[in-house]
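*Asks:* Below: one structure in structure tokens.
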Amino acid sequence: MSRLGRSLRLARALSNTARAATYDWLGKFPPAPLMVYVELTRRCNMKCQHCDIWMTAQQHENLAASEVPGHRLLEVLTGLAPKGLLAVDLFGGEPLLRADLPEIIHGLKGAGLHVTVTTNGTLLTKERCDSLLTAGLDQLLVSIDGPDAATHDAIRGKPGTFAKATAGLQMFSEMAAGRARTGVNTLVCRPNLELLSQMPELARTLGASQLRLLPYHQCYPFNQFVQEDKLMPRNHDIAALATALRLVMERAGQMGLHTNSRTYLDGIERWYRGDPLTVRCQAGLTVCDINGFGEVYPCYTLARPAGNIKTQEFSEIWQSANLTSHRKESKGCDKCWQSCYIEPGLRLSLSALWADRQAVLHDVMEYFLGHKDRA
């Protein structure tokens, strides 16, 4: 892409970000979110301790038939691009189980959107990597929950997944050089607290440019069937957690890995201590979710769908009384510390735009511009 093209993309991203922040400051909501998280499917090939979404299959005879068709997803999401949408994160379940994933990515890129796929990485083959890159994927995030097979495989519920995930990420990183970014998502939970400090080195070894820590939550739709919670850190784990978070920040910085904001990482400790930071939640403002059945959620934590894109236009849902009520409720909400809702409030608020312009510029480029656009 030409220098002019990159400048125009950056100007659009900054303009849309500032506009969304201004709407929030004025107590209004923008005509479209900046980012939409799309659960492409509830089908999954894992049996994770922290996510029982794979058990959904037991409640549906044919999950694939209930999913939103690719053409409808593209109709909705590309229609939001002129209204301010900048980025789409495609996840699951396991998104690589969608046969039409490359076509969806290609269609989103045609509308100028930044596209991320979040995967467990076990289904990555050379052919799949090539199809994702050919479609124009900007970023691949692979979930790796420990620096060794014993830890990761225990959390993921299947032996051999660490070897497959790490091999898949390393292969994609090598094939994606100069074309797309790669990153590691790591769950923060009791079984891996003592090992988190080793994750920056693993991420760098696998060719990733970023490492993001995601604190474990008991949250719809991922923990509907949990009987005994062995993952939630306890009070006596907080000291080890604080040490691990400090080391991750230090080592990620030394290795040049992009990671969560310092305020967010500090907030993980406070969240588990029961003393969460007060942040203007961006659920239903700059971000929202569309689940595997087409239901639109301002956030998953409150577990109240606002509508369904199978039968309604997104604009109708976005402007509905249901979603407006949620926005009012979220102003003082402290029910989660999910990065997808909290980080925008930390990084993209008017106060952040003014106080730390360089950091916000970096984040806008990371989240909303493709790899080639930044070259």
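*Asks:* For the range 159-215, what is the per residue volume of the convex hull drawn over the alpha-carbon atoms, in cubic angstrom?
*Replies:* Spelled out: Cα convex hull of the range 159-215, divided by residues, is 75 Å³.
*Asks:* Give the long-range amide H neighbours of VAL184: residues separated by 5 or more places, or on another chain, with amide H under 5 Å away, using H modelled in the peptide plane at 1.01 Å from N.
*Replies:* VAL142, GLN210, LEU211, ARG212
*Asks:* To continue, here is another question. Using all alpha carbons of the range 120-191, what is the percent of pairwise distances in each 5 Å bin, ordered from the shortest bin to the longest?
*Replies:* P(r) for the range 120-191, in whole percents per bin: 3, 18, 28, 21, 13, 10, 4, 1.
*Asks:* Run the quick spin-label model on ALA65 and THR278: label points 7 Å from Cα toward the beta carbon, then report their separation in nm to one decimal.
*Replies:* Going by the 7 Å Cα→Cβ label model, 5.2 nm.
*Asks:* I've got another one for you. Calculate, in nm to one decimal, what ALA99 and LYS310 gain on full extension: separation in residues at 0.36 nm each, minus their alpha carbon distance.
*Replies:* Using 0.36 nm per residue and subtracting the Cα-Cα distance, I get 74.0 nm.
*Asks:* Have a look at the DSSP beta bridges in the range 177-325 and tell me what percent are antiparallel, nearest 5.
*Replies:* 30
*Asks:* Let me ask something else about it. Please label the shape of the range 194-301 as rounded, prolate or oblate, based on the square roots a ≥ b ≥ c of the eigenvalues of the alpha-carbon gyration tensor (a/c under 1.5 means rounded; beyond that, a/b larger than b/c means prolate, else oblate).
*Replies:* Prolate.
*Asks:* With equal scatterers on the alpha carbons only and no solvent term, can you work out the Debye log10 of I(q)/I(0) for the range 233-290 at 0.22 1/Å?
*Replies:* -0.92
*Asks:* Please compute one quarter of the surface area of the Cα convex hull for the range 243-324 and express it in square nanometres.
*Replies:* Over every viewing direction, the Cα hull of the range 243-324 projects on average to 7.5 nm².
*Asks:* May I pose another question? Tell me, what is a quarter of the convex hull surface for the C-alpha atoms of the range 291-346, in nm² with one decimal?
*Replies:* Mean projected area of the Cα convex hull: 4.1 nm².
*Asks:* Let me ask something additional. Based on the Cα gyration tensor of the range 71-180, what are the three equivalent ellipsoid semi-axes, each the root of five times an eigenvalue, rounded to whole Å and given largest first?
*Replies:* Gyration-tensor ellipsoid for the range 71-180: 27, 14, 12 Å.
*Asks:* Then there is this: Ignoring everything but the protein chains, give the 1.4 Å probe accessible area of ASP289 in square angstrom, nearest 10.
*Replies:* 10
*Asks:* Quick one: check the C-alpha center-to-center distance for the range 277-315 versus the range 329-344, whole angstrom.
*Replies:* 13
*Asks:* Can I ask one more? Explain nothing, just compute: Karplus ³J(HN,Hα) = 6.51 cos²θ - 1.76 cosθ + 1.60, θ = phi - 60°, for every residue of the range 281-296 in order, whole Hz, x for Gly and Pro.
*Replies:* 5, 9, 4, x, 10, 9, 9, 7, 10, 10, 8, x, 9, x, 6, 9
*Asks:* What pairs in LYS28/LYS83; LYS109/LYS164; LYS158/LYS230; LYS47/LYS230; LYS83/LYS335; LYS83/LYS109 have C-alpha atoms more than 21 Å from each other? Could you put the intermediate results ahead of the total?
*Replies:* Values: LYS28/LYS83 15 Å; LYS109/LYS164 28 Å; LYS158/LYS230 17 Å; LYS47/LYS230 15 Å; LYS83/LYS335 30 Å; LYS83/LYS109 16 Å.
From the list (LYS28/LYS83; LYS109/LYS164; LYS158/LYS230; LYS47/LYS230; LYS83/LYS335; LYS83/LYS109), the Cα-Cα distance tops 21 Å for LYS109/LYS164; LYS83/LYS335.
The values are calculated or read from the model by the stated rules, or taken from the named source; none is laboratory data. Since we're looking at a predicted model, the values are computed, not measured. Neighbour counts are summed over all protein chains in view; Cβ atoms, including those assigned to glycine, are modelled from backbone coordinates with ideal geometry. We work out accessible area using only protein heavy atoms, side chains counted, and drop any ligands, DNA or RNA first. Shrake-Rupley method; radii C 1.70, N 1.55, O 1.52, S 1.80 Å.
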